[in-house]
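Derivation of every value follows stated rules applied to the coordinates shown; laboratory data play no part. Not measured: the values here are computed from a predicted model. Using ideal geometry, Cβ is built from the backbone for each residue, glycine included, and neighbour counts are taken over all protein chains shown.
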């Protein structure tokens, strides 16, 4: 009897000590968390007090170029990590011969979509700033390249790998729709791969939402000189209202990449969210079959073939499963019969194609990707170490770990110019082909502006810009607060 009482007393003491230790550990963890949050907030506030400019970034590689914008891999001095910088020319935005329509609405929508993105399936915006000549967007740099390059190397993927990629693309479309946007340019080149093999949607240059600032007419009214002369300003003509169908708003612009554009978009009919489901079907077909469902060298003929195509008559390999054939056919159908027309991405996630390949949408981020992914596949395109003199002991983006020089061996991710199609290289980088190494070059040489970019430029007065021409860029600046 005495022994049992002693045993019970000892057990009670052990539980008390264990509970006290757990409470102490929880308190210590909470205190450390508050300390980290305070450090992050202090760093963020210091960055807000400083005007951001090109001198805060070290150019490393030129990734792509076009008539509207150039994209570079850069090293952020403040954050101590690689990121992607997109430089957009202001003089081209206002509708020259190559761009008969003003690009203000598209650029603002691209900036807002990435700034609001808080999902693991979307590329996020780190900061946005401007000078007298250009707008700049800095965003996530993903080390795995893009799905288009992966398909070019592998030819095609297994159904299991295709289902995994399609599931994560579907979650990316859903996250974008929850923010109120349509992507309108889904294709393998705009699906980037992380270092762990997961995918994210990128390049929101054609994104669209019903907000007034994402409508071309808003900027036409804003920049019309007659409105300023009469004093009507923004309070004169009524703002354009979005076209609605039930709870869905509709668009009419004909934008996208040939072969991935939905038939209703090519027919210039009003379209909604289901226009993003059509290119998902094209991507699944491309991954499984190894070629596009509809191909032609002439863009006009290709568009006519897309409009008149019956997806039930497309050729499929004999080994394609019924579920894969069915989801492709349903995604390539007319808009009123397309999978997802009634309940959005819920219908797509409930399709048997994903269940047959053991896809659990709630555990995708924690699962091991079955994609034939190799982060070392393109090392000749990227830096093997940070630029000389750069800091490396900082947190990696979204990982919570700290980067070291050994970890910084990323692979170039292809970032496609939102203007669509490649143009002539920017002046000053012709001699840098084919791998565009920019380390050691100055920004004025890379951008070809003919002016010096140095630390003293922040204190110099910029070129005077007419007030009405600067109105579209008011509030463009942005900096993301990285949560601990």
Estimated FRET transfer efficiency when R0 is 35 angstrom, pair residue 102-residue 318 (beta carbons, to 0.05): 0.10
Residue 254 paired with residue 195, simple spin-label distance in nm, labels 7 Å along Cα-to-beta-carbon: 4.5 nm
Against the rule of thumb 2.2 N^0.38 Å, how large the Cα Rg of region 113-211 comes out: 1.14
Order of 332, 151 under a 10 Å beta carbon neighbour criterion, fewest first: 151, 332
Pair residue 366, residue 308: separation of 7 Å Cα→Cβ label points (nm): 5.2 nm
Residues in region 309-341 that a label on residue 356 would reach, taking backbone N under 13 Å of a point 7 Å out along Cα→Cβ: 317-330
Quotient of C-alpha Rg and 2.2 N^0.38 Å, computed over region 53-170: 1.23
Likely footprinting exposure, 200, 124, fewest C-beta neighbours within 10 Å first: 124, 200
